[in-house]
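**Q** Mind having a look at this structure? Questions to follow.
Every read-out reported here was derived from the displayed coordinates using simple, explicitly stated rules and does not represent laboratory data. Everything numeric here is computed off the predicted structure, so don't read it as measured data.
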Amino acid sequence: MPCFPDPMKNLDSSSRKRSRNRTACVTLVALLFGNSLMLSAAQRRLLIGSVSANGRPVKGAVVKLENIRTLRMRSYITKKNGDFHFAGLNPDVDYEIWAQHGQQKSSKKSVSRFDEGDPIRVELALE
């Protein structure tokens with residue numbers, strides 16, 4: 001006698017076939033997309049940096065991070081010391097980052113999937 005009862009024992013042949021097809025589809029989707037959707041925390045990237053104007057840290061600047069592939073935007077409001085961070089970034093994606101505070105804006109910087117270092121550090125200067 002098996003340790004676990006057969007869940008398909010009481011199903012007719014067409015129900016068994018549908019169940020097997022459903023299982024095969026779920027398995028295929030998991031194999032195709034699971035790798036990019038299930039990156040572990042160790043595989044994700046951390047981006048840190050600070051915003052300054054005239055050499056001084058800027059509190060309350062809005063830092064924008066744009067995923068170049070999906071165009072999805074994330075934002076962060078800097079702390080008293082001008083620091084910001086973005087955690088959980090996909091290492092296979094390129095990003096653009098910039099900051100704004102009032103009428104001042106920094107230039108856009110690229111964060112490439114080929115950039116080395118963990119965390120990646122970016123300094124943004126408001127002009």
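**Q** List the aspartates and glutamates whose Cα lies under 15 Å from the Cα of LYS79, skipping any in the same chain that are fewer than 8 positions away.
**A** GLU123
**Q** Check VAL111: other-chain or 5+ apart residues with amide H under 5 Å from its amide H, H built from backbone geometry?
**A** HN-HN under 5 Å from VAL111: TYR95, GLU96, ILE97.
**Q** Then there's this: Report, by chain and number, residues whose modeled amide H sits under 5 Å from the one on LYS79, excluding near sequence neighbours (fewer than 5 apart, same chain).
**A** Long-range HN contacts for LYS79: GLY60.
**Q** Quote to one decimal, in nm, the extra length available between PHE114 and GLN43 on full extension: 0.36 nm per residue of separation minus the C-alpha distance between them.
**A** 24.2 nm
**Q** Tell me, what ³J(HN,Hα) does each residue in the range 120-127 have, in order and in whole Hz, if you take phi through Karplus 6.51 cos²θ - 1.76 cosθ + 1.60 with θ = phi - 60° and put x for Gly and Pro?
**A** 7, 10, 10, 10, 10, 10, 6, 10
**Q** Ordered by residue, what ³J(HN,Hα) values in Hz, to whole numbers, does the range 110-118 give under the Karplus form 6.51 cos²θ - 1.76 cosθ + 1.60, where θ = phi - 60° and Gly and Pro are x?
**A** Listing the rounded values in order: 9, 10, 8, 5, 8, 5, 9, x, 8 Hz.
**Q** For Cα pairs less than 8 Å apart in space and 6+ apart in sequence, what is the mean separation divided by the residue count of the range 39-93, i.e. the relative contact order in percent?
**A** Reported as a whole number, the value is 46 percent.
**Q** Suppose a student asked you for the relative contact order of the range 65-127, using Cα pairs under 8 Å spaced at least 6 residues apart; what percent would you report?
**A** So the answer I get is 28 percent.
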